[in-house]
Amino acid sequence: MVLALGVRTRLTLFYSAVLFFMLAVFGVLFYHALGLFMERSITAQLKDEVAFVHSHMQTENGTARLAFDPDNRQQAYLVHVATRFYEVFELPSGNLVVQSEEMELLGVRPSPNTVRALAANPGLADSQLPAHRLLFDSSIVPATDGRNPFLLRIGIPLDPADDARREFLHVLLFLVPVGIALAALAGWQMARRALRPMTNLAIAARRIDVQRLSDRLPVRGTNDEVDDVAKAFNETLGRLENSVGQMKQFTASISHELRTPLTALRGEAEVALLEARSPEEYKQVLTSQLEEFGKLAHMINQLLVLARAEAGEIQWAEQTVDLSALALSLAEQIEPLATAKGIRLTSNVQPGVLVDGDANWIERAILNLLDNAIKFSEASGKVDVTLSAYHHDAVLTVQDAGIGIPADSLPHVFDRFFRVEPSRSKNVEGVGLGLALAKWIVEKHRGHIEVQSQTGNGSSFTIRLPLATIASCSHVSN
């Protein structure tokens, strides 16, 4: 079982670990630096004492003694300090000539062989005695009368350096746990304060459910990372609210659109079964039902196309399309339908307008606009189709003089299943999917579609598509 630690705990542990590491590194470095500094200081003091003793040493008649004025208190004190751990040996015999009282009390007396070895390699060396750790300096003192030289050995305690290191270690061992504990406490409080906005966001987010998608997380206005998270979450909530709204609208719309033809089919079937009818009458009932089945199949096919389009499953044939020729061809195809309804269809198409895309899907988008224009135009009305190249875009407009669209409905005309006031379009067939499909097709071609309309003054739908690139145009001409 893996123990899951919260962010607050992990931050506190991180602060504590960083402080522990810093204190440990600082402690080790300072411990060694302190010892080195103390030993250098002690070594310098020992050198001074050795130089002082050499300057007052007199050797004659096979003996060595310190010559100084006992009445000079300062000089006497310096001699006393310098000779606290002091001994002189005759060379080459290694016999002891003189030894300080403290050295005698410590019972330290090197053997003649050791003395000769020290004389052969004079210098500094430390020695662990029963009560002290001493640093000794061994040096040769020549005899002034030409006789055998002497070995001068002066020591100085290393206890101050050892004590300083030991005291520092004790302080460090006390301060490190206390410092880490204080750092952990401070880190815990800092993490709590730093994470409080995130906690508030979590509380606010838990209050939001499907029924409250209009709620938003609070933004403090500090423009920090927490505000970025809140803004991103609010943007996601906005998209989710829009999607859920579309789902609700989709469910309500499709339920309504399916219920109407199914109710009609059921009613016709029940009426047909109430009494015996002639084969001709049954044929009429079945013909009417086939028409309703056709409407259902058309609606379902459009739904499937939209679903496949949004899922990215539509096969796309990218090529250069002569939009001018396509627009004229579609106007000719739809003209009989317009004439049958008493509507005059005109076209003003600039020749040679080329775009990149799928000709079949572009045709479907234009047909949807033409079909809507004719359906919502009254008899003796007029529908105009214009196409021109403007800057880097192909601009195709389908304008009618029909019933128009109310201003409050304009933002929703490209939504699925949206239909302008049922009372205004109750005699017009359709389920409100054509414009949604047209919008998807246009945007798939890196273009955009817009509408302008006024109630009673008709509507104007405009498609803007990027003109074909030079490379694709030359490819077509070749």
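The values are calculated or read from the model by the stated rules, or taken from the named source; none is laboratory data. This is a predicted model, so every value here is computed, not measured. Backbone-built Cβ (ideal geometry, glycine too); neighbour counts: all protein chains shown. Heads up: the accessible areas ignore ligands, DNA and RNA and are worked out on the full protein's heavy atoms, side chains in. Shrake-Rupley method; radii C 1.70, N 1.55, O 1.52, S 1.80 Å.
List, please: which pairs have Cβ atoms under 6 Å, are six or more places apart or on different chains, and start with a residue in the range 210-223 that is under 18 Å from THR199 (Cβ atoms) and at pLDDT 80 or above and end with one that is assigned to a helix (DSSP H, G or I) and of a type outside the set (Gly, Ala, Ser)?
VAL219/ASP227
Identify, please: which residue in the range 34-55 is closer than 18 Å to GLU167 by Cβ and of a type in the set (A, V, I, L, M) and is, among those, farthest from the chain's Cα centre (by Cα)?
We begin by selecting, within the range 34-55, every residue closer than 18 Å to GLU167 by Cβ; these are 34-39, 41-42.
Among the residues that remain, those that are also of a type in the set (A, V, I, L, M) are: 34, 36, 38, 42.
Working: LEU34: 45, LEU36: 48, MET38: 51, ILE42: 57 Å.
Per the criteria, the residue is ILE42.
Among the residues of the range 389-410, which ones are closer than 19 Å to LEU345 by Cβ, in a loop (DSSP other than H, G, I, E, B) and open to solvent by less than 50 Å² (accessible area, probe 1.4 Å)?
Those that are closer than 19 Å to LEU345 by Cβ, in a loop (DSSP other than H, G, I, E, B) and open to solvent by less than 50 Å² (accessible area, probe 1.4 Å): GLY402, ILE403, GLY404.
Which condition breaks for GLN58 when tested against (1) in contact with a Leu (Cβ under 8 Å, 6 or more places away or on another chain); (2) at pLDDT 85 or above; (3) over 30 Å from ARG165 (Cα atoms); (4) of a type outside the set (Ser, Thr, Tyr)?
It is condition (2) that GLN58 fails.
Restricting attention to the range 200-242, and to residues there that are in a helix (DSSP H, G or I) and touching a helix residue (DSSP H, G or I) at 6+ places or on another chain (Cβ under 8 Å), which single residue is farthest from ARG416 (Cα to Cα)?
VAL226
Return the pair list, or none, for Cβ contacts closer than 6 Å from residues in the range 274-286 that are at pLDDT below 75 to residues that are of a type in the set (D, E, K, R), at least 6 apart or on different chains.
VAL285/GLU268
Could you tell me whether any residue of the range 62-76 is open to solvent by less than 20 Å² (accessible area, probe 1.4 Å), over 60 Å from the mean Cα position of the chain (by Cα) and either over 28 Å from GLY146 (Cα atoms) or among the small types (Gly, Ala, Ser) (or both)? Steps first, please.
So the first thing to find is which residues in the range 62-76 are open to solvent by less than 20 Å² (accessible area, probe 1.4 Å), and the list is 64.
Narrowing further to those that are over 60 Å from the mean Cα position of the chain (by Cα): 64.
Retained after the next criterion (residues that are either over 28 Å from GLY146 (Cα atoms) or among the small types (Gly, Ala, Ser) (or both)): 64.
The answer is yes, given that some residue of the range 62-76 is open to solvent by less than 20 Å² (accessible area, probe 1.4 Å), over 60 Å from the mean Cα position of the chain (by Cα) and either over 28 Å from GLY146 (Cα atoms) or among the small types (Gly, Ala, Ser) (or both).
Would you confirm, using the coordinates I've provided, whether ALA120 is open to solvent by 40 Å² or more (accessible area, probe 1.4 Å), within 25 Å of ARG40 (Cα to Cα), modelled with pLDDT of 85 or more and not aromatic (Phe, Trp, Tyr)? Talk me through it step by step, then tell me what you get.
On the way: open to solvent by 40 Å² or more (accessible area, probe 1.4 Å): yes; within 25 Å of ARG40 (Cα to Cα): yes; modelled with pLDDT of 85 or more: yes; not aromatic (Phe, Trp, Tyr): yes.
Yes, satisfied.
Take the residues of the range 20-43 that are of a type outside the set (Val, Ile, Thr) and open to solvent by less than 50 Å² (accessible area, probe 1.4 Å): which is farthest from ILE180 (Cα to Cα)? Full working, then the answer.
Kept after step one, since they are of a type outside the set (Val, Ile, Thr), are these residues of the range 20-43: 20-24, 26-27, 29-41.
Still in the running and open to solvent by less than 50 Å² (accessible area, probe 1.4 Å): 23-24, 27, 34-35, 38.
Values: LEU23: 9, ALA24: 11, GLY27: 14, LEU34: 23, GLY35: 25, MET38: 29 Å.
Of everything passing the filter in the range 20-43, MET38 is farthest from ILE180 (Cα to Cα).
Return the residue satisfying two criteria in turn: it lies in the range 347-361 and is β-branched (Val, Ile, Thr) and open to solvent by less than 10 Å² (accessible area, probe 1.4 Å), and of such residues it is farthest from the chain's Cα centre (by Cα).
Start the filter on the range 347-361 by keeping residues that are β-branched (Val, Ile, Thr), which leaves 349, 353, 355.
Subset that is open to solvent by less than 10 Å² (accessible area, probe 1.4 Å): 353, 355.
Numbers: VAL353: 46, VAL355: 40 Å.
Among residues in the range 347-361 that are β-branched (Val, Ile, Thr) and open to solvent by less than 10 Å² (accessible area, probe 1.4 Å), the one farthest from the chain's Cα centre (by Cα) is VAL353.
Pick from GLU378, GLU429, GLU443, GLU363: which is within 23 Å of LEU304 (Cα to Cα) and either assigned to a strand (DSSP E or B) or at pLDDT below 90 (or both)? Please lay out each step first, then the result.
Values: GLU378 fails: within 23 Å of LEU304 (Cα to Cα); GLU443 fails: either assigned to a strand (DSSP E or B) or at pLDDT below 90 (or both); GLU363 fails: either assigned to a strand (DSSP E or B) or at pLDDT below 90 (or both).
Of the residues listed, the single one that is within 23 Å of LEU304 (Cα to Cα) and either assigned to a strand (DSSP E or B) or at pLDDT below 90 (or both) is GLU429.
Do you know which residues across the range 1-19 are surrounded by 15 or more Cβ atoms within 10 Å (Cβ to Cβ) and among the charged types (D, E, K, R)?
ARG8 - this is the single residue of the range 1-19 that is surrounded by 15 or more Cβ atoms within 10 Å (Cβ to Cβ) and among the charged types (D, E, K, R).
Of the conditions (1) in a helix (DSSP H, G or I); (2) surrounded by 15 or more Cβ atoms within 10 Å (Cβ to Cβ); (3) over 42 Å from the mean Cα position of the chain (by Cα), THR59 fails just one. Which one is it?
(1)
Whether any residue in the range 133-142 is open to solvent by 60 Å² or more (accessible area, probe 1.4 Å) and under 60 Å from the mean Cα position of the chain (by Cα) is what I want to check. I'd like the intermediate steps shown before the answer.
Just the residues of the range 133-142 that are open to solvent by 60 Å² or more (accessible area, probe 1.4 Å), to begin with: 140, 142.
With the extra rule that they be under 60 Å from the mean Cα position of the chain (by Cα), the set shrinks to none.
No, the range 133-142 contains no residue that is open to solvent by 60 Å² or more (accessible area, probe 1.4 Å) and under 60 Å from the mean Cα position of the chain (by Cα).
Could you list all residues from the range 143-187 that are assigned to a helix (DSSP H, G or I), of a type in the set (Lys, Arg) and open to solvent by 60 Å² or more (accessible area, probe 1.4 Å)? Show your work before the answer.
Going residue by residue through the range 143-187, those that are assigned to a helix (DSSP H, G or I) are 159-187.
Adding the requirement that they be of a type in the set (Lys, Arg) leaves 165-166.
Scanning the range 143-187 gives a single hit, ARG166.
Mind listing whichever residues of the range 332-346 are without any contact (Cβ under 8 Å) to a residue 40 or more places away in the chain and of a type in the set (Gly, Ala, Ser)?
ALA340, GLY342
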